[in-house]
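Here the structure is laid out as structure tokens; the discussion comes afterwards.
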Amino acid sequence: MTYARTIAVAFTGASGLQYGLRLLECLLAAEARVYLVYSPAAQVVARQELQLTLPTQPHAASAFFAERYRAKPGQLTVFGREDWLSPIASGSNPADAMAICPCSMGTAGALAAGLADNLIERAGDVMLKERKLLVLVPRETPLSAIHLENLLKLARAGAVILPPAPGFYGAPETIDDLVDFVVARILDQLRVTHTLGPRWGASRIAPPTVERA
Ligand SMILES: Cc1cc2nc3c(=O)[nH]c(=O)nc-3n(C[C@H](O)[C@H](O)[C@H](O)COP(=O)(O)O)c2cc1C
């Protein structure tokens, strides 16, 4: 099967992995091809926040997520964080867009400095140099001047800085509602069609079509 769009997704070790997991679920439901990579710190966050063990080996991780979110064969590939031979490591074969969700201040700082010291940083660096869409979902509070300068630098380099700051005007009732508000905004940026949550000014509210796993 061929997919219209390929989206790279990275999970890093900031709080709020739920956003990243829901984003992955929605991208797969929307029939995007997804390349996924995550950091060891993201695995720690997964255990801490969700009591979830994310596999370390890429093949096991691909199987784990494909089953969890009912991905089609070949739709999802998980890469190791040092896999320099993966397509997203090069500007000759980048994804159409990339989201780092959640994005730690460490990864934001590394990106701002152009370190490209692991596949997440390198893939983000590639998106910027190729003028492709890079969405960062940075999570920290409060933000230091260093954090703010790094995020400004990345915004000036072309990244979309999309903090997980859900609006409350849709009368959210659950944590899932808050998560979906943020994921909806990320999907909008990635130009992926969705029906997550109400849109401002919409005459009626469509129910979400992506059921939770
Ligand atoms: C449970 C947990 C929550 C964390 N939350 C944050 C956070 O919200 N923001 C942040 O910048 N770092 C946070 N950290 C620290 C990062 O994980 C740490 O700086 C790490 O080196 C980031 O590496 P990475 O960017 O390669 O994932 C958290 C760590 C843990 C274990």
Starting from residues that are under 22 Å from PRO87 (Cα atoms) and in contact with a helix residue (DSSP H, G or I) (Cβ under 7 Å, 6 or more places away or on another chain), keep the ones in the stretch 30-53 and report whichever is farthest from the ligand (Cβ to nearest atom).
VAL34
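Of the residues that sit in the stretch 98-136 and are part of a strand (DSSP E or B) and within 11 Å of the ligand (Cβ to nearest atom), which one is surrounded by the most Cβ atoms within 10 Å (Cβ to Cβ)?
CYS103
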Any residue in the stretch 115-142 that is free of Cβ contacts under 8 Å to residues at least 12 places away in the same chain sitting within a Cβ distance under 7 Å of a residue that is away from the ligand (no atom under 11 Å from the Cβ)? List the pairs, counting only those 6 or more apart or interchain.
ALA116/ARG122; ALA116/ASP125
Please identify the pairs in which a residue from the stretch 13-29 that is without any contact (Cβ under 8 Å) to a residue 40 or more places away in the chain has its Cβ atom under 9 Å from the Cβ atom of a residue that is assigned to a helix (DSSP H, G or I) and more than 16 Å from the ligand (Cβ to nearest atom), counting only partners at least 6 apart or on another chain.
LEU21/PHE65; LEU21/ARG68
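Look at SER144 and say whether it is away from the ligand (no atom under 14 Å from the Cβ) and either surrounded by fewer than 16 Cβ atoms within 10 Å (Cβ to Cβ) or modelled with pLDDT of 95 or more (or both).
No, not satisfied.
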Assigned to a helix (DSSP H, G or I), of a type in the set (S, T, N, Q), touching a strand residue (DSSP E or B) at 6+ places or on another chain (Cβ under 8 Å) and surrounded by fewer than 21 Cβ atoms within 10 Å (Cβ to Cβ): is that true of SER15 in this structure?
no
Hey, can you tell me all the residues within the stretch 192-213 that are touching an Asp or Glu at 6+ places or on another chain (Cβ under 9 Å) and at pLDDT 80 or above?
HIS194, LEU196, GLY197
So, PRO172, is that one within 18 Å of VAL37 (Cα to Cα) and either touching a Pro at 6+ places or on another chain (Cβ under 8 Å) or within 16 Å of the ligand (Cβ to nearest atom) (or both) or not?
no
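Looking for something farther than 13 Å from CYS26 by Cα and out of contact with any helix residue (DSSP H, G or I) (no Cβ under 6 Å at 6 or more places or on another chain) - is there at least one such residue anywhere in the stretch 179-188?
no
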Can you tell which of LEU85, LEU136 is in contact with a helix residue (DSSP H, G or I) (Cβ under 7 Å, 6 or more places away or on another chain) and under 16 Å from ALA8 (Cβ atoms)?
LEU136
So for the stretch 58-77 (the condition being more than 15 Å from the chain's Cα centre (by Cα), part of a loop (DSSP other than H, G, I, E, B) and free of Cβ contacts under 8 Å to residues at least 12 places away in the same chain), does at least one residue qualify?
no
Say whether the condition of being within 12 Å of the ligand (Cβ to nearest atom), on the phi < 0 side of the Ramachandran plot and modelled with pLDDT of 95 or more is met by at least one residue in the stretch 1-10.
yes
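The values are calculated or read from the model by the stated rules, or taken from the named source; none is laboratory data. As the structure is a prediction and not an experimental result, all values here were calculated from the model. Cβ atoms come from the backbone with ideal geometry, glycine included; neighbour counts cover every protein chain shown.
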